[in-house]
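A.B. asks: Supplied in structure tokens, the structure appears directly below.
The values are calculated or read from the model by the stated rules, or taken from the named source; none is laboratory data. Just so it is clear, the structure is predicted and the values come from calculations on it, not from any experiment. Here the Cβ positions follow ideal geometry from the backbone for every residue, glycine too, while neighbour counts run over all protein chains shown. Surface accessibility is based on the protein's heavy atoms, side chains included, excluding ligands, DNA and RNA. Shrake-Rupley method; radii C 1.70, N 1.55, O 1.52, S 1.80 Å.
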Amino acid sequence: MDWQSLWLSAKLSTVTVLILIPMAIFVGRFLAYKQFRGKSWVEALIMVPLVLPPTVIGYYLLVGLGSQSLIGQWVEQFTGTQLVFNFSGLVIASILVNIPFAVQPIQRAFETIPHDIPDAAACCGMSWWRIFLKIELPMIWPGILTAVVLCFSHVLGEFGVVLMLGGNIAGETKTISIAIYDSVQAFDFEAAGTMSLVLLVFAVSVLAITTSLSKRLGGHNANQQR
């Protein structure tokens, strides 16, 4: 087991979730409640990472964040570091790639909230912020939980984007998926099998727990609405 790569993957997944989920909550709420011209195009743009090959996304990020790009030059000028072949670049890439996994479940959860509930709360004098915190967030917890699990698990297993943008630098960009690839390339199938088994057990366990919690939270919310 390459513990350093596993730790780096877990760190990348955690940072991505902490940054992406709060953003996804507000984006999902906006898309669920607002109707505007071009909304279908915005939703399609959010879903693009699901249909583009990871290597294509990695290529565009490599070009767009590299030292020859305006963004890359600006970051290097003010921070002294590059985004490519760097952990910070992997965080940016993971956020962009996982936007649909975060926004979609949360948007669908907001869409299940009956419109008369926030309206009734507003008529009772509750502010927008209190309605959001006290009513909407508790009702969309299953969607948030699903988004967290999907994003964390997907980042944990990312390969194409990570390899294209970060390369294979131990302790910096070498994630567990790349460690598995290296083990296979070196014909170390025992190590590759061990790491793959750990990810498999983790994925099955997390999905089972998430499904159970989502059902319980969904049933609890339904009872509250009654």
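A.B. asks: Any residue in the stretch 110-126 that is within 15 Å of PHE30 (Cα to Cα) sitting within a Cβ distance under 8 Å of a residue that is of a type in the set (Asp, Glu) and surrounded by 16 or more Cβ atoms within 10 Å (Cβ to Cβ)? List the pairs, counting only those 6 or more apart or interchain.
C.D. replies: Cβ pairs passing all conditions: PHE110/GLU136; ILE113/GLU136; PRO118/GLU136.
A.B. asks: Also, quick follow-up: Report yes if PHE26 is free of Cβ contacts under 8 Å to residues at least 12 places away in the same chain and open to solvent by 50 Å² or more (accessible area, probe 1.4 Å), otherwise no. Give the derivation first.
C.D. replies: Working: free of Cβ contacts under 8 Å to residues at least 12 places away in the same chain: yes; open to solvent by 50 Å² or more (accessible area, probe 1.4 Å): yes.
For PHE26, the condition - free of Cβ contacts under 8 Å to residues at least 12 places away in the same chain and open to solvent by 50 Å² or more (accessible area, probe 1.4 Å) - is met.
A.B. asks: Would you mind stating whether ALA102 is in contact with a Cys (Cβ under 6 Å, 6 or more places away or on another chain), open to solvent by less than 20 Å² (accessible area, probe 1.4 Å) and of a type in the set (A, V, I, L, M)?
C.D. replies: Working: in contact with a Cys (Cβ under 6 Å, 6 or more places away or on another chain): yes; open to solvent by less than 20 Å² (accessible area, probe 1.4 Å): yes; of a type in the set (A, V, I, L, M): yes.
For ALA102, the condition - in contact with a Cys (Cβ under 6 Å, 6 or more places away or on another chain), open to solvent by less than 20 Å² (accessible area, probe 1.4 Å) and of a type in the set (A, V, I, L, M) - is met.
A.B. asks: Specify the residue that is surrounded by the fewest Cβ atoms within 10 Å (Cβ to Cβ); the eligible residues are those in the stretch 52-80 that are among the small types (Gly, Ala, Ser) and more than 20 Å from the chain's Cα centre (by Cα).
C.D. replies: As a first pass, look at the stretch 52-80 and keep what is among the small types (Gly, Ala, Ser): 58, 64, 66-67, 69, 72, 80.
If we keep only those that are more than 20 Å from the chain's Cα centre (by Cα) too, we end up with 64, 66-67, 69, 72, 80.
Details: GLY64: 17, GLY66: 18, SER67: 11, SER69: 16, GLY72: 19, GLY80: 7.
So, considering only residues that are among the small types (Gly, Ala, Ser) and more than 20 Å from the chain's Cα centre (by Cα), the one surrounded by the fewest Cβ atoms within 10 Å (Cβ to Cβ) is GLY80.
A.B. asks: Say we look at the stretch 105-153 and pick out the residues that are among the aromatic types (Phe, Trp, Tyr) and either surrounded by 18 or more Cβ atoms within 10 Å (Cβ to Cβ) or touching a Gly at 6+ places or on another chain (Cβ under 7 Å) (or both); which of these is farthest from LEU165 (Cα to Cα)?
C.D. replies: Start the filter on the stretch 105-153 by keeping residues that are among the aromatic types (Phe, Trp, Tyr), which leaves 110, 128-129, 132, 141, 152.
Now drop any that are not either surrounded by 18 or more Cβ atoms within 10 Å (Cβ to Cβ) or touching a Gly at 6+ places or on another chain (Cβ under 7 Å) (or both), which leaves 110, 152.
Details: PHE110: 34, PHE152: 19 Å.
So the residue we want is PHE110.
A.B. asks: Is it true that some residue in the stretch 157-166 is without any contact (Cβ under 8 Å) to a residue 60 or more places away in the chain and not in a loop (DSSP other than H, G, I, E, B)?
C.D. replies: Within the stretch 157-166 (the criterion being without any contact (Cβ under 8 Å) to a residue 60 or more places away in the chain and not in a loop (DSSP other than H, G, I, E, B)), the answer is no, since none of the residues qualifies.
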